[in-house]
Each structure stands twice: as structure tokens, then as C-alpha cells.
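Scroll down for the structure; my scribbles are underneath it.
The values are calculated or read from the model by the stated rules, or taken from the named source; none is laboratory data. As the structure is a prediction and not an experimental result, all values here were calculated from the model. Cβ atoms come from the backbone with ideal geometry, glycine included; neighbour counts cover every protein chain shown. Side chains included, ligands, DNA and RNA excluded: accessible areas come from the protein's heavy atoms. Shrake-Rupley method; radii C 1.70, N 1.55, O 1.52, S 1.80 Å.
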Amino acid sequence: MSKTPRYFTAAEAAEKLGITAATLYAYVSRGLIRSEAMDDKRRTRRYLVEDVQKLIDRKEQQADPAKAAQSALHWGVPMMDSGITLINEGRFYYRGYDAAHLAKQHTLEEIAALIWTGAIENHAEIFVGESLKFSPTLFKTLSQIFVSNPALAYVQRYQIALAMAAADDFAAYDLSPEAVSKTGARILRLLTLTAVLPINNIVTDTIYRVSTAQILTKGWGLDEHAAYLLNAALILCADHELNVSAFTARVIASAETTPYAIVIGALSAMQGFKHGGNSERVAAMMRPMMSDADIRPALVDKLRLGERIPGFGHKLYPQGDPRAAVLLTLLENDAPDSSALHLAQAVIAEVRALIDIPPNIDFALVTLENVLNLPRGSALAIFALGRTVGWIGHAIEQYSDPNLIRPRARYIGIPPRENG
């Protein structure tokens, strides 16, 4: 059986699409088709078959509305305009800046300002101490709830905190871009403090003058150098185009509800196992692995049962998830002697040997959790905190569009019946 090719030449791609070479290059520059160099001089390039086929499908759907209705809301459909994140040729960018570089050079607050306003320098006026404060009574009540209900997962804690804080934050009803940025800053600080509750004396005046990563570092009792790793992870998770939770956020925003409601809804989508909740499956897989000898049998058992190995592979990154690559490299540099890191590296090598699939961000976040010995479930907590920045960014974009996101249903049920 012949294997389907992964790449077209320029001539093949142009012929398939029925376009000129110049138009093909324009598609590449707009991020619609990914390409890569075929030689060291980078003069000849090849084009991903998957992307070419998506464009062909789009043209067919535009020409045939019935076919479009049948395939609507599947992977890659529909497409919406956004100026936040570009995923192209195995890399991703926030507002045109390489996210991998941003993760090493800036704070999450600065990236929030970039995504929300288009300018990193605006973080100073958005994250102002007094404007971030909530009533001390709120955190006291939340602490009591969490102590009484220790089984609450981080995402559930976040949703409780949001619902309670929203009741008194009337400024959140102002949906202008400037106001939503300020509300977003309050929400980010609220969720960060919620992640470290209940901790005595953590909510002080000084806590409003430090970064998200520094709060997590202090609240989780880590060495100060851990803040750099946490900050990088948060930035790498800040946005990832129109994933399930971001699309959920935009649908909710199109109804013109508050950012609090948007983040609550996006969190509901994120905790699903096909999205951020996949990190829990990674953690469950890694937990029984005590040594290298445990790895291959555990992985083979999954494959024999027809299961996917969680934490590996990503449709948008056939050559490897750049978010995972950056975070794992930072961990290797920071904790080269960590037994948890060595175990993770052995798992990566074994998966490569078995099915040749690289790790994704879920695996990297669980590795971060294990290397830093963070509280159980913190991988998803970090993912959700970082992604809150993206959700607020998508809300700001969507608020500027007067249209409601309201697809129609293609009815396939029992036909209407005559009375009697």
C-alpha cells in the first residue's frame, strides 16, 4: 500500500489548488500553508499536504453550502479572523513576536499587555496594585471553602472564585477594550491567588506588586529561581489560536456577557480530556513509573489496548510541539540532575522508539509539575492561568464585532407529522 505524501512541491501545490506560484507564496506569507526548506541553502521549499487539502476543502464548501453544513464545526472549520496568534511552520507568534523568545525574556503581565493592547509597555498601567485588589473577606471565604472541600480541583476552585468575585465587580460590565484589560488583570490576579489558597498571610498588600509567577513561587513554597520556569510555562500557554476553550470564549463574548462569565465558560471547556484536561491523563500515566524498567511495559499496554499515549503528538505540529521543546529545554538547563526529568526523558525516548511521536505541551507541563514537586494537578492549573490571558484577548476582539456567533442546525431528526 502506497503511503500518502506529507509534502507537495511548489508546482504540485499550485496545480492542486488551481493557482499560480505567486498566489501560492502569498498563501504561505499569510500563514495559510506551511512550508519548509528542502536544502541547506533554503532555495527550494516544500508545502504541507494537510494545509493544501484544507484550502481545497474550503473552496468546495464555499461552492457547495450543503457540503459546508455537513462539515461545519469540525477541525479547522469554521475559520475566524484574529490578530492574536499565528501558528506557522512549526512555530507560533503572539502579535507577530516569536512566543518562544517572549517566554524567555518577558513576564506574563507584559505578554498580557501585548495580547490585550498590542504593546508590551502598557503592562505598567494595566497591572496597577490598587486596581487589582479584592476584599480580604473573599479570600477568607474561599479558603474556608477549599479547606472544607479538599477534593476540589484547581479548575473548580477557579470557577468558584470567579463566580463569587463577579458579584461585586460592577466595573466588569464596561466592555470597552481599556476596561476589559483592567478586568482581565483583576481576573488573572484573582485566579493566581486562588491557586495558592489556603495559605496564611499570602494575601497581603505586597502580593499585588509582584508577578503571577512570583506569587505561585511563594504560595507553593518554591525556591525563587522556580519563578523563571513558571513564568515561561505561563507565557507558552497564554494563547494557541482558536482551540476549543478560545472558541468557547468567543461564542460567550459574542453574547456580550462579562469577562468573568467568559473565563468560567472557557474553563469548563479546558478541563475536558481532549483539551487541557489531557494533562491529568499524562500525570496518571507517569505516576506508577518508578524507574526506566516500568516505562516500556506501560506504553506497550496502552498501544495494545488501542489507546493513544497521552502527552504526545499535536495536529498542528507534526514535527513537534515548540511549546514542549522550549519548556523541556529550560528544565534540562535548570535541573539537569532531576530524577523526575530523567524519567520524563526516558519516556520521550521510548515513545520515539515505539511510534516516533514527539511530546506536546501537556507532557511538558506534567514534567514541570514533577520536577518542581508542585501540588498535584498544578499542570492544568498553570495551563489555565496562562490561557486566561488569551481568553481575555479573544473577548476583547469579539466585543468589537457586533455579530452574534450563532450557527444553524441541519435537522436530521424525524420529519414533522400531520396532526392526528
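Not counting the cut sites, what is the longest span of the chain without chymotrypsin sites (Phe, Trp or Tyr not before Pro) that DSSP labels loop and that have at most 10 other Cβ atoms within 10 Å? Answer from the scan: 76-410. Rolling a 1.4 Å probe over the heavy atoms of the protein chains gives the stretch 306-358 an accessible area of 46 Å² per residue.
Send over the Kirkwood Rh of the stretch 183-335, from the inverse of the averaged 1/r over different Cα pairs, rounded to one decimal Å. Display every interim value, and only then the final one.
Details: mean 1/r = 0.0549 Å⁻¹.
Its Kirkwood hydrodynamic radius stands at 18.2 Å.
Residues whose amide H lies under 5 Å from that of Y7, counting only those 5 or more places away or on a different chain, are V49; hydrogens are built 1.01 Å from N in the peptide plane. Computed over protein heavy atoms with a 1.4 Å probe, the carbon and sulfur contribution to the accessible area of the stretch 136-222 reaches 55%.
Dipole of the stretch 114-187 computed with +1 at Lys/Arg Cβ and -1 at Asp/Glu Cβ about the Cα centre; of L114, A153, L132, farthest Cα towards the positive end is A153.
Overall, the accessible surface of the stretch 262-420 at a probe of 1.4 angstrom is composed of carbon and sulfur to the extent of 52 percent.
Which of the listed residues, M270, P407, A335, is farthest toward the dipole's positive end in the stretch 263-420, when Lys, Arg count +1 and Asp, Glu count -1 at the beta-carbon? Result: P407, furthest along the dipole toward the positive end. Residues in the stretch 231-245 carry Karplus couplings, in order, of 4, 4, 4, 4, 5, 5, 9, 4, 7, 7, 6, 9, 6, 4, 6 Hz; the curve used is 6.51 cos²θ - 1.76 cosθ + 1.60 with θ = phi - 60°, and Gly or Pro positions show x.
Overall shape: oblate for the stretch 316-389, with the ratio a/c of the largest to smallest alpha carbon gyration tensor axis at 1.5 or above and b/c at least equal to a/b.
If you take the beta carbon distance between A284 and E418 as r and set R0 to 51 Å, what does 1/(1 + (r/R0)^6) give as a FRET efficiency, to the nearest 0.05? Can you show the working numbers first?
Numbers: r = 54 Å, r/R0 = 1.06.
Step by step, r from the Cβ atoms, then E = 0.40.
Note on the chain: helix-only mean residue ellipticity at 222 nm, from DSSP H runs of 4+ residues weighted -39500 (n - 2.57) and normalised by residue number, equals -17000 deg cm²/dmol. Taking Cα centre as origin and charging only the Cβ of basic (Lys, Arg, +1) and acidic (Asp, Glu, -1) residues, the dipole magnitude of the chain rounds to 1000 debye. For M38, the residues 5 or more places off, or on other chains, whose built amide H falls under 5 Å of its own are T44, R45, R46. Along the axis of the charge dipole computed for the chain (Cβ charges of +1 for Lys and Arg, -1 for Asp and Glu, origin at the Cα centre), the listed residues L236, L222, T85 are led at the positive end by T85.
With K and R counted +1 and D and E -1, the other residues having a Cβ less than 14 Å from that of L222 yield a net charge of -3. Computed over Cα pairs, the Kirkwood radius of the chain leads via Stokes-Einstein (1.567 mPa s, 4 °C) to a diffusion coefficient of 56 µm² per second.
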